[in-house]
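Here's the structure, in structure tokens; my notes come after.
Bear in mind that the values in this text are calculations on the coordinates, not laboratory data. This one's a predicted model, so the numbers in the text were calculated from it and none came from an experiment. Cβ placement follows ideal geometry from the backbone for every residue including glycine, while neighbour counts extend to all protein chains displayed.
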Amino acid sequence: MQTRQKILIVRLSAIGDVVHSLPVLHALKKADPGVFLGWAVEEKAAGLIVGNPLVDRVHVMPSTAWKKRGLSWKNVAEFIAFVREIRDERYAISIDLQELFRSGAISFLSGAGRRIAHEGAREFADIFANEKLPFHDTFDPDKPIVERYLEPAAYLGAAVDEVKFSLPPASKGTREYVDELLMDTDGSKKTVVLSPATTWESKHWAEGYWSELLGKIADRCNVIFTGTQDDLDLIGRITAAARTARYLIVAGRTSLEQLTEVFRRADVVVAPDSGPAHIASATGIPAVICIFGSTAYKRSGPRGTKHFSMSAGIDCQPCFKRSCPRRNDKMACVRRMTPGDILSILGEHITPSPPG
């Protein structure tokens with residue numbers, strides 16, 4: 001009996017980058033439908049991988065619990081168990097898509113005989129690889145990050161001309177939960193999801209702009225705010241300034257799987273360059289308007305004809321800095337994109353189609 005080839009993908013975080021890595025699954029499975037694909041991921045992004053129909057085994061690293069505990073023997077024991085679980089699968093090939101020291105170390109500890117990464121990877125992660133792809137800058141603003149992630153698949157002989165995202169299907173429980181969550185929305189109106197939060201200050205669109213946008217669309221469509229529990233203060237300030245009660249807040253009430261299902265029910269999603277924007281894009285259902293500040297729209301903008309990357313195109317973009325480095329005219333890159341710019345795109349998507 002022929003043994004299935006086993007390949008481990010190491011992409012631990014973050015949510016948006018895990019989404020951008022998903023086309024690797026389709027490329028490898030299309031090249032060899034019998035291939036066994038494993039994925040090492042942190043629990044924060046695990047909802048994108050657990051239950052994914054193209055992934056045969058998921059290895060979830062409980063890094064959040066480890067950070068909370070700090071230095072402890074329990075963490076050491078759990079890390080050893082995590083590595084042993086991976087080694088027990090006896091992967092032949094490990095692909096380090098994250099290319100940081102910790103992901104490279106996991107690739108090395110996997111026991112895979114072939115370990116693939118780009119030459120010159122960050123944090124010297126390529127020292128763990130024994131097969132190296134040609135160097136190019138991870139933050140090249142003109143090269144789509146999806147194409148970079150597909151290079152190891154191409155190196156292994158897979159065709160990469162078709163970029164296809166795979167997400168776990170919603171369970172019956174998830175569908176029923178989201179039905180209840182959105183039960184008060186008006187079925188005769190289009191649905192716009194606003195997901196304003198991001199972890200980088202330099203990606204944030206002005207709160208006042210979000211409030212203005214909400215005020216101008218609230219009477220025309222269902223408006224839903226998504227995010228985490230930590231985003232509720234931000235959303236509260238936005239909604240308070242808008243002087244309208246026509247919105248629904250589901251932030252802090254959804255898992256990653258449930259959030260994905262919310263996006264599947266939407267007509268448009270508006271968000272900064274963030275994990276939610278890329279999940280929404282990967283579903284292939286709503287139009288996505290992605291607002292870019294310090295990052296590069298050509299590198300990580302949503303793909304597809306109905307997705308839109310908004311960028312002011314000023315000289316200092318993209319800076320890839322978490323905080324704006326400008327001394328004057330702070331955050332000019334996002335302030336120069338106004339609610340009017342968003343509305344000019346939104347209009348055709350939130351106007352109900354004529355009957356017949």
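Laid out as a table, the results:
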{"read-out": "Candidate aspartates and glutamates for bridging to LYS306, where Cα separation is under 15 Å - those fewer than 8 sequence places away on the same chain excluded", "value": "ASP267, GLU348"}
{"read-out": "FRET E, pair VAL50, GLU119, Förster distance 30 Å, beta-carbon r, rounded to 0.05", "value": "0.40"}
{"read-out": "Calculated log₁₀ intensity ratio I(q)/I(0) where the Debye formula runs over C-alpha points of region 39-142, q = 0.20, 0.22 Å⁻¹", "value": "-1.12, -1.24"}
{"read-out": "Eligible lysines near LYS44 by straight Cα distance, threshold 21 Å, same-chain separation 8 or greater", "value": "LYS67, LYS68, LYS74, LYS203"}
{"read-out": "Trypsin sites (Lys or Arg not before Pro) restricted to DSSP loop in region 239-333 with at most 10 other C-beta within 10 Å", "value": "ARG243, ARG327"}
{"read-out": "Most positive-pole-ward Cα, HIS59, LEU12, LEU25, against dipole of region 6-155 from beta carbon charges", "value": "HIS59"}
{"read-out": "Region 165-221: C-alpha gyration tensor shape, a/c 1.5 cut-off, then a/b vs b/c", "value": "oblate"}
{"read-out": "Relative contact order computed over the chain (Cα-Cα under 8 Å; 6+ residues apart), in percent", "value": "16"}
{"read-out": "Convex hull volume per residue for region 194-271, taking Cα atoms only, in Å³", "value": "85"}
{"read-out": "Net lengthening on full extension, ARG175/THR228 (0.36 nm per residue, minus Cα-Cα)", "value": "17.1 nm"}
{"read-out": "GluC sites (Glu not before Pro) within region 132-193: DSSP coil, no more than 14 neighbouring Cβ in 10 Å", "value": "GLU162"}
{"read-out": "Gaussian network model of the chain, springs between alpha carbon atoms under 10 Å - residue of LEU71, LEU259, LEU28 with greatest fluctuation", "value": "LEU71"}
{"read-out": "FRET efficiency, 1/(1 + (r/R0)^6) with R0 45 Å, evaluated for ILE314 and ALA65 via beta carbons", "value": "0.60"}
{"read-out": "Paramagnetic label zone (point 7 Å from Cα along Cα-to-C-beta, VAL163; backbone N under 16 Å) in region 39-56", "value": "none"}
{"read-out": "For the chain, convex hull volume per residue from C-alpha positions, Å³", "value": "167"}
{"read-out": "Equivalent ellipsoid, region 135-229 (semi-axes from 5 times Cα gyration tensor eigenvalues, Å)", "value": "35, 23, 12"}
{"read-out": "Under 17 Å from the LEU343 label point (7 Å along Cα→beta-carbon), backbone N, region 196-224", "value": "206-223"}
{"read-out": "Within region 227-262: backbone nitrogen closer than 15 Å to the THR199 label point (7 Å, Cα to C-beta)", "value": "228-231"}
{"read-out": "Computed P(r) (all Cα pairs; region 172-350; 5 Å bins; percent)", "value": "1, 8, 18, 22, 22, 16, 8, 3, 1, 0, 0"}
{"read-out": "Furthest towards positive pole of dipole, VAL35, TYR209, SER323, structure part the chain, Cβ charges", "value": "SER323"}
{"read-out": "Relative contact order (%) - criterion: Cα under 8 Å, at least six apart; region: region 15-104", "value": "21"}
{"read-out": "For region 172-350: relative contact order, % (alpha-carbon pairs under 8 angstrom, 6 or more apart)", "value": "24"}
